[in-house]
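Colleague: Below is one structure. I have some questions about it.
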Amino acid sequence: MSTGTTASVSTHILDTSIGRPAEGVAISLSARSGSGAEWVALGGSATDADGRCKDLPALPEGTTHVRLDFETEAYFTRSTKPVKQAEAQQDAPRVRDSGAFFPEVAITFAVVPGEHYHVPLLLNPFGYSVYRGS
């Protein structure tokens with residue numbers, strides 16, 4: 001996973017509106033070495049049938065901050081049934097045209113060398129939550 005000189009990152013997504021993994025969500029990984037440094041795009045991948053993204057690029061040595069960008073709008077556009085079910089349970093009228101209130105989710109976090117960071121995304125059409133997993 002990680003060496004003594006770099007951190008490593010993994011993630012998965014659970015669609016809490018249906019209690020299932022979110023398959024096919026594109027994820028981009030960026031890193032920087034210090035608060036004032038420029039972000040460097042490292043590449044990306046997409047979640048598999050289990051909602052996991054197993055092939056994110058390795059972090060370069062000296063990385064101090066990581067950003068995961070989740071493209072959620074395309075997922076909810078493809079998966080309209082969970083959106084319609086969730087909207088039907090809301091008291092407020094529909095106020096958006098896209099399949100997701102949050103069309104993308106960007107998570108930024110600090111890392112230290114030698115540590116592994118598993119950052120799950122709990123997602124539904126109207127909100128999300130993240131945490132440092134194990």
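The values are calculated or read from the model by the stated rules, or taken from the named source; none is laboratory data. Every value quoted in this text rests on a predicted model; they were computed, and no experiment measured them. Note that each Cβ is placed from the backbone with ideal geometry, even for glycine, and that neighbours are counted across all protein chains shown.
Colleague: What are the residue pairs meeting all of these: first residue in the stretch 120-134, first residue among the basic types (K, R), second residue surrounded by fewer than 17 Cβ atoms within 10 Å (Cβ to Cβ), Cβ atoms under 9 Å, and 6 or more apart or on different chains?
Modeller: Qualifying pairs under 9 Å: R132/F109; R132/H118; R132/V119.
Colleague: Still on this structure: Might you check whether a residue that is touching a Lys or Arg at 6+ places or on another chain (Cβ under 6 Å), touching a residue at least 24 places away in the same chain (Cβ under 8 Å) and among the small types (G, A, S) occurs anywhere in the stretch 2-9? If you could, list the steps in order and put the result at the bottom.
Modeller: Filtering the stretch 2-9 for residues touching a Lys or Arg at 6+ places or on another chain (Cβ under 6 Å) gives none.
The answer is no; no qualifying residue exists.
Colleague: Follow-up. Being of a type in the set (V, I, T), surrounded by fewer than 19 Cβ atoms within 10 Å (Cβ to Cβ) and modelled with pLDDT of 90 or more narrows it down to one residue among T77, T47, T72, T64; which is it?
Modeller: On the way: T77 fails: modelled with pLDDT of 90 or more; T47 fails: surrounded by fewer than 19 Cβ atoms within 10 Å (Cβ to Cβ); T72 fails: surrounded by fewer than 19 Cβ atoms within 10 Å (Cβ to Cβ).
Testing whether each residue is of a type in the set (V, I, T), surrounded by fewer than 19 Cβ atoms within 10 Å (Cβ to Cβ) and modelled with pLDDT of 90 or more leaves just T64.
Colleague: Then there is this: Only one of these conditions is not met by L14: (1) of a type outside the set (S, T, Y); (2) loosely packed, with under 12 Cβ neighbours inside 10 Å; (3) at pLDDT 95 or above. Which number is it?
Modeller: Exception for L14: condition (2).
Colleague: Kindly indicate whether any position in the stretch 33-49 is out of contact with any Asp or Glu (no Cβ under 7 Å at 6 or more places or on another chain) and β-branched (V, I, T).
Modeller: Going residue by residue through the stretch 33-49, those that are out of contact with any Asp or Glu (no Cβ under 7 Å at 6 or more places or on another chain) are 33-44, 46.
Subsequent filtering for residues that are β-branched (V, I, T) retains 40.
Yes: the stretch 33-49 contains one or more residues that are out of contact with any Asp or Glu (no Cβ under 7 Å at 6 or more places or on another chain) and β-branched (V, I, T).
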